[in-house]
Amino acid sequence: MSMPNQPSSHNPGQLQVGPTLQRGIQVISENPKLFVALATIIYMPLFIWSLFADSPQVETEIQTAKIARDMLALLLLQLVMNAAAVDATLRHLDGENSSVTACLSLAFQRLYHILAVTILQTLYIGLPVGLSVILAVTVPFFGPITVVAAAAIAIFMMVIWWLAIPCNIAEWLGANASLERSAQLTAGSRPQIFALVVIFAVGGLLAQFIALQVGATIPFLFGPVSTIATALVSTVSAVVASTVYYDLRQINQTS
């Protein structure tokens, strides 16, 4: 993807949470057919599977294996959606036309790379959490302290690496380079990015809570509603992260 020669017309001097969310939603509202088509195509396998998730055949499976398989499938679909949404958003912000075919092509082309980014993020974030659990078990006196410290470190890493996938997609970087680039771009805007992370985390939990309430009333609908909620939250999150990346890149270039 080409780098823009001119600064964005938005080009804020400092990242702001409200306008950033509004701009992300505006990108989607200006390209509704594109984003709906992407989400439909990418999440359709999961949606179809969710319709039969409570069938007797599924219930006889080993639950651990089923959960692991479903989580892996969901992760891969979310990565494809994230990559496609990032590409669509950055093209739109650059004033370029995009298409479902072009976005999906790039998403699958970069799938291995963004999967590597995700694995590295998980390892780096999981390491302090794992060590804190081990220390809490072996030395209970330090348990609360280590848990709080590990949680703080994990949240900090999530914030500084929130733009790793947009960096990987837009600049064709490797996994470690994407993390480093994200840390560089987010410097100076981490409180705002933390607020965005919290907003989408709460939004995801709320969406799943609604799916659970629907499922409690109509069990057949839990899977489909949960899939739609996941697609909605992940799409908006990816678009907003892309707008944040775009603006911070512009600020970085002009500073």
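Values quoted throughout were computed directly from the atomic coordinates according to the rules given, and no laboratory measurement underlies them. Since we're looking at a predicted model, the values are computed, not measured. Note: ideal-geometry Cβ built from the backbone for every residue, glycine included; neighbour counts use all protein chains shown.
Observations
- CD proxy at 222 nm, helix term only [per DSSP H run n ≥ 4: -39500 (n - 2.57); per residue of the chain; nearest 500]: -27500 deg cm²/dmol
- Where labels lie 7 Å past Cα in the beta-carbon direction, separation of Phe108 and Gln26 in nm: 3.4 nm
- The separation of the range 191-255 from the range 77-91, counted between C-alpha centres, amounts to 13 Å.
- Projected label distance in nm at Glu180 and Ala37, using a 7 Å step from Cα toward the beta-carbon: 3.8 nm
- With each label modelled as a point 7 angstrom along the Cα→C-beta vector, the Thr217-Glu96 pair spans 4.5 nm.
- Across the range 216-228, coupling constants 3J(HN,Hα) worked out from phi with the 6.51/-1.76/1.60 Karplus curve, θ = phi - 60°, read 5, 8, 10, x, 4, 8, 4, x, x, 5, 4, 5, 4 Hz, and Gly and Pro carry x.
- Couplings for the range 18-35, taken from phi via the Karplus curve 6.51 cos²θ - 1.76 cosθ + 1.60 with θ = phi - 60°, read x, x, 5, 4, 4, 5, x, 5, 5, 4, 5, 5, 7, 9, x, 5, 5, 6 Hz in order; Gly and Pro are left as x.
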